[in-house]
1. Would you confirm, using the coordinates I've provided, whether Leu455 is part of a helix (DSSP H, G or I), among the aliphatic types (A, V, I, L, M), at pLDDT below 95 and farther than 12 Å from Met474 by Cα?
2. If you go through segment 304-325, how many residues are open to solvent by 50 Å² or more (accessible area, probe 1.4 Å) and assigned to a loop (DSSP other than H, G, I, E, B)?
3. Out of segment 279-290, which residues are in contact with a Ser or Thr (Cβ under 8 Å, 6 or more places away or on another chain) and closer than 12 Å to Met323 by Cα?
4. Output the qualifying pairs, or none if there are none: Cβ atoms under 6 angstrom, residues six or more apart or on different chains, first residue in segment 131-160 and open to solvent by 10 Å² or more (accessible area, probe 1.4 Å), second residue small (Gly, Ala, Ser).
5. Mind counting the residues in segment 86-100 that are open to solvent by 10 Å² or more (accessible area, probe 1.4 Å), part of a helix (DSSP H, G or I) and within 17 Å of Gln62 (Cβ to Cβ)?
6. In the list Leu372, Leu363, which residue meets the criterion of being at pLDDT 95 or above, crowded, with 19+ Cβ neighbours inside 10 Å and hydrophobic (A, V, I, L, M, F, W, C)?
7. Within segment 382-394, track down each residue that is within 17 Å of Ala435 (Cβ to Cβ) and open to solvent by 10 Å² or more (accessible area, probe 1.4 Å).
8. Please report, ordered by residue number, the helices (runs of 4 or more DSSP H) entirely within segment 187-283 with at least 3 residues that are of a type in the set (Val, Ile, Thr), within 31 Å of the chain's Cα centre (by Cα) and more than 22 Å from Met172 (Cα to Cα).
Amino acid sequence: MTMMMKIPQSSIPISRNGKCGVSRVFRVLFCSTGTVTSPSSKDTLTRRLAQFGKPTPGFSVQGVLDQWVGEGRALEREELRVTIRHLRKFKRFKEALEVSEWMSDKRFLDLLPGDVAVRLDLISKVHGLEQAEKYFSNIPITLIGVHVYGALLNCFAHAKNVEKTEAVMQKMRELGFAKTALTYNLMLKLYSDMGNHDKLDSLMQEMEEKGIVCDKFTYNTRLNAYAYASDLDGMEKLLMKMEADPVVTMSWNAYVVVANGYLKAGAVEKASSMLKKSEQLVRGKERRFAYEVILSLYASIGNKEEVYRIWQLYKTSGRIYNMSYINMISSLVKLDDLDGAEKILEEWEAVKEYFDSRVPNILISAFCRKGLLGNAESIVKRLLESGVEPIAGIWQHLAAGYHENGEGEKALEMMKKAIAASHPGWKAKIATVAACLEYLKGKGSIEAAEEFIELLKEKGCIPTELCDIFIKKMRSAKLESEARDPIGGDKQALEGEQSGKELKGKIIS
């Protein structure tokens, strides 16, 4: 392989479909080549790029960089790294890659292994794994070390490509690079996600033989696998080992995992005990998310009192977001406490900063399933009065509710509103559509049914082939009706014609 100090900018067509992400597990590897500090100046390069938000037509990262240098400002490696890290944090991977390429192509900075690892990861996100592999094959041998191999392993693992991930892992073993918990954690996570739980113990045994200390992530991955498999014995033994290990700091999440395992196995009391332990470990910035998880599990257990208690704790943790209200209302619906859920909805209506249709949608759906259509209509009325047009899903819930209540005409009316409010990609529930068609068929309104189907087809609410099937059925029903009654829809016309003949006869006579 040719020895090079510069890595040329790739001329790869842009694709936004790369699915490989950087695991938090490997951020240490990517950022370990130097200490990066945030610039103190208010007008930093990072700020200048960030103020563009999402890139607009004509926006050019390299143009911003060139302008920065053209203003006579210094631009060193560390500030470029800070900028790349910031862009990655906000998932602006294409722009981060452009900064990385500008870094070597315009500034002529020699890339260090950590820089190469980051670029490899960014290429996988922006252009896909195939291009990332091509890039890897052209990296100078002097730069290929643990950081770069770690990045490649991470890309394959997140793409769930077991064969290639195992191949890279084996290469890392041979080169002596597989010597940290970070590397093994990626393999453990991959095997756990793929359901290859039998390989987890052998990996952890390998870590023990090499003297690699298991960290919190290692234990939690194995704990998750035990819980998923309902292996309570293995789960309990590992939990005891974690609690006894002075190196491991127990987290609220570990006890949540165990609680979930017990709940899955039907051991409700043990699950509740683990949630109490979990709650005691909730700290700082994690409080909001932790309380949401714990609250949901108490709802699954069926403990309404604890759900309300955790909700009050949650409200003391700071600002309450829409997702929190969604979580609480969903939990109360699960507990069949619709009155309580409605009170929480009213609380949200009074304090919300941003409207989120998912919040009222949960309760409207629950009311409709219970046949409490007046309650559902009341929420919809409040939405309309506040200037909010309900989404298609809300109207469809009402349609289903009216159908179950035997009110076919109202169901049809609500379904038409759902279609009118639908956005591209929204799909109607086939059962509700079929119920509306059956109602029209029963009325003998075959033409109205065909118009309804055409409306669905025009808006793309159901697959075209299904529309065609429905139309054939309606036309078949019409033919059957006409076959049973030969006079059919022409009865009035015939009667009118006979009446005319009689009148004519009288005039002639």
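The values are calculated or read from the model by the stated rules, or taken from the named source; none is laboratory data. What you see is a predicted model, and the numbers here were worked out from it, not measured in a lab. So basically every Cβ, Gly included, is an ideal-geometry build from the backbone, and we count neighbours across all protein chains shown. Note: areas computed on protein heavy atoms with side chains; ligands, DNA, RNA excluded. Shrake-Rupley method; radii C 1.70, N 1.55, O 1.52, S 1.80 Å.
1. It is true that Leu455 is part of a helix (DSSP H, G or I), among the aliphatic types (A, V, I, L, M), at pLDDT below 95 and farther than 12 Å from Met474 by Cα.
2. 3
3. Arg288
4. Within 6 Å, the pairs are His147/Gly114; His147/Ala117; His158/Gly21.
5. 5
6. Testing whether each residue is at pLDDT 95 or above, crowded, with 19+ Cβ neighbours inside 10 Å and hydrophobic (A, V, I, L, M, F, W, C) leaves just Leu363.
7. Selection gives Gly393 alone.
8. Helices (runs of 4 or more DSSP H) meeting the threshold: 252-264.
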